[in-house]
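Let me begin by presenting the structure, written as structure tokens, before commenting on it.
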Amino acid sequence: MARLSRRFFLKALGLLGAAVVVDACQPLQTTVQTNTPFAPVWTPSMTASQAVIPTTTATIVAPTPTSTTPAPTNQPIPTEVVEPATATPAGPAFQSVYSADQRERLVASARQYIALDEPAAIRVARSLGYIKNDGHPASVCGPLSAVTLRRAGFISQYTDLHDFWLLNPRPDQGRGVLERTFPVDQFEWFHTDDSIAKFDFKAYPLKVGDFLYLYAGPAGSFEHMLVVARLDELGRPYSVTNFQTEKGYKIDEVLLYDPDAPDRGQFGVWTDRRNYKLGLTGYGGFDVIRRKVPLIDPGPRETQLAAAIDAVIQQTGGEWRILLKELEGRVVYARTERIGLHPASVIKVPIAMLFFKSLEKRGLAVDETMLADGIGGRTYAQLLRASLVASEEAATSSLLDSIVQSHLDITRTLVEWGAPHTDVFGRHSTAWEIAGLFEGLYTGRFIQPAGRRIMLEHLKFYTPGDDLRLGVLHKFLPANYPVYNKRGTVTDPRLIVADAAVFTIPTTSGDRSYVADVFAYPGDQPLKYEQIEPAMTEIALRMWDYLKEQ
């Protein structure tokens, strides 16, 4: 369940009069009577029944929903609908882009977190670690959804569960978390303002792997996140999710809806006003985020590479953004590649690309005559070399001045290049977008051939230090297989170590090209450059261990 925004809270108060709208995901008041910190004793490999109850005494005080709206007494209040766990886990083959093995893996992942009473559900919530030494099934829906997908391999293994705690998907809130977890190049996004009780699920049925966000609406009391874990043989969707009952919170597998019996299922429970004491949601519509391209599972060698890189990072510490992918092909390794970063001097590459694009806007041909012109007392040829080879900031600023004077729409150009989060003035981007810019440069998709040739000549030019970081790949490649890379280092006010490269390796089946970038920061740890830089070189060596066997 997710935090109800103040706007929704006030709107609900206006419509329900004196009713108290319940936010089931407010932080709980917790009293722990113990001499030691409350530690999780349940692990995802256990079933709920195997979890051990701690010997310490813990009293969890959960908020109690209240309302002035009277509940009818002439009809029984429906409770949650749970189908037998033995129902077909894979469901019909048409249900999603996932394979049968992947669908079964998702079911197994979801069912690891079933907890049939509140004490067990509290242990499950705390075991996820999204709040240090804390957690409660009243607010676990976001982390539970994320861990279910993460454990099944449906989203990145580096997804931070804390980011999903009390997540608000509205554009000025936590939408960025969803955008980087479910990028639009891999997932389709659907939104409707229709209540889950009135929406036509026959026209748009839910599918396995769908991530849903339910909006409370004016009549609701909480917002909620869940994942469709499976469909049964009739195509009805099920989710393992958290919800409140008359005996407390639990986590269980529930039928979400039956298109032939709209009152059945958890959606019916959450929109039946007789259940106001247990909380209502879904009146304000919902979002569906659904994978639109097949999920490619990593093979044994990719898994081994990930373990090797992760071991280096675990030993070193710090925050890392890494991407290794085939040129215009599959991703080999990715770690928080869509989280924003300061790219240090690597940003000089897209700046130079924008400079050449600005010449196109002016209708100027890229030749020696044009490059002999300049700005700030130096020729464009001098400025490009100073920026890309010597990494000079003054030269880079002059190139930016020239771009601005051309009236090139920088933002629009970067969006067209697939880099909407890249800011060349504020020095901001992501590992994913930097890699995409290098890729577009190398393949010639973004700038004209003459400009591309000049930039690649500068990027392959050897300078002291080019044998470190990704540049260590130089020594493994034949002389006619250059590494086109740009390093960057910032020491003040924050240490940033960066490198990005495009390179080609000869293999028995022909040449194969790759793009890679690595960015590292100390994070909350007192790391120094002398610790981060060798680790970055070690990561490049682990990449080579993988690449040399192609």
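The values are calculated or read from the model by the stated rules, or taken from the named source; none is laboratory data. A quick note: this is a predicted structure, and the numbers were derived from the prediction, not measured. Note: ideal-geometry Cβ built from the backbone for every residue, glycine included; neighbour counts use all protein chains shown.
So how many residues does the stretch 202-225 have that are touching an Asp or Glu at 6+ places or on another chain (Cβ under 9 Å) and of a type in the set (A, V, I, L, M, F, W, C)?
Qualifying residue count for the region: 5.
Which pairs have Cβ atoms under 6 Å, sit 6 or more apart or on different chains, and link a residue in the stretch 480-491 that is aromatic (Phe, Trp, Tyr) to one that is buried (at least 22 other Cβ atoms within 10 Å of the Cβ)?
Sorted first by the residue in the stretch 480-491, then by its partner, the pairs are 484/459; 484/502.
Return the residue satisfying two criteria in turn: it lies in the stretch 128-187 and is in a loop (DSSP other than H, G, I, E, B) and among the β-branched types (Val, Ile, Thr), and of such residues it is farthest from the chain's Cα centre (by Cα). Outline the logic, then answer.
Taking the stretch 128-187 as the starting set, the residues that turn out to be in a loop (DSSP other than H, G, I, E, B) are 128-130, 132-133, 135-140, 152-160, 165-174, 182-186.
If we keep only those that are among the β-branched types (Val, Ile, Thr) as well, we get 140, 155, 159, 184.
Working: 140: 18, 155: 7, 159: 6, 184: 11 Å.
Going through the qualifying residues, I end up with 140.
I'd like to check something: does the stretch 298-310 contain any residue that is assigned to a loop (DSSP other than H, G, I, E, B) and surrounded by fewer than 17 Cβ atoms within 10 Å (Cβ to Cβ)? Spell out the reasoning first.
Of the stretch 298-310, the ones assigned to a loop (DSSP other than H, G, I, E, B) are 298-299.
Pick out the ones that are also surrounded by fewer than 17 Cβ atoms within 10 Å (Cβ to Cβ) and you get 298-299.
Checking the stretch 298-310: at least one residue is assigned to a loop (DSSP other than H, G, I, E, B) and surrounded by fewer than 17 Cβ atoms within 10 Å (Cβ to Cβ).
Determine which member of the set 290, 330 is surrounded by fewer than 19 Cβ atoms within 10 Å (Cβ to Cβ) and either of a type in the set (Lys, Arg) or in contact with a strand residue (DSSP E or B) (Cβ under 6 Å, 6 or more places away or on another chain) (or both).
After applying the criteria, what remains is 330.
Run down 437, 456, 470 and say which single residue is farther than 22 Å from residue 399 by Cβ and outside the structural domain of residue 185 (by TED's automatic domain parsing). Let's see the steps before the verdict.
Values: 437 fails: farther than 22 Å from residue 399 by Cβ; 456 fails: farther than 22 Å from residue 399 by Cβ.
Testing whether each residue is farther than 22 Å from residue 399 by Cβ and outside the structural domain of residue 185 (by TED's automatic domain parsing) leaves just 470.
I need the full set of residues from the stretch 360-388 which are surrounded by 18 or more Cβ atoms within 10 Å (Cβ to Cβ) and modelled with pLDDT of 95 or more, in order please.
Of everything in the stretch 360-388, those that are surrounded by 18 or more Cβ atoms within 10 Å (Cβ to Cβ) and modelled with pLDDT of 95 or more turn out to be 380, 383, 384, 385, 386, 387, 388.
When the residues of the stretch 244-268 are filtered to those that are touching a helix residue (DSSP H, G or I) at 6+ places or on another chain (Cβ under 7 Å), under 21 Å from residue 208 (Cα atoms) and of a type outside the set (D, E, K, R), which remaining residue is modelled with the lowest pLDDT?
Among those that are touching a helix residue (DSSP H, G or I) at 6+ places or on another chain (Cβ under 7 Å), under 21 Å from residue 208 (Cα atoms) and of a type outside the set (D, E, K, R), it is 262.
Any residue that is of a type in the set (A, V, I, L, M, F, W, C), surrounded by 24 or more Cβ atoms within 10 Å (Cβ to Cβ) and in a loop (DSSP other than H, G, I, E, B) - is there at least one of those in the stretch 262-276?
No: zero hits.
So, in the stretch 439-463, exactly how many residues are touching a residue at least 60 places away in the same chain (Cβ under 8 Å), among the hydroxyl-bearing types (Ser, Thr, Tyr) and outside any helix (DSSP H, G or I)?
1
Within 30 Å of the chain's Cα centre (by Cα), among the charged types (D, E, K, R) and under 17 Å from residue 385 (Cα atoms): is that true of residue 445 in this structure?
no
Just the residues that are closer than 19 Å to residue 148 by Cα and without any contact (Cβ under 8 Å) to a residue 60 or more places away in the chain, please, taken from the stretch 240-270.
256
For the stretch 399-438, what are the residues that are over 24 Å from residue 497 (Cα atoms) and not in a loop (DSSP other than H, G, I, E, B)?
Result: 401, 402, 403, 404, 405, 410, 411, 412, 413, 415, 416.
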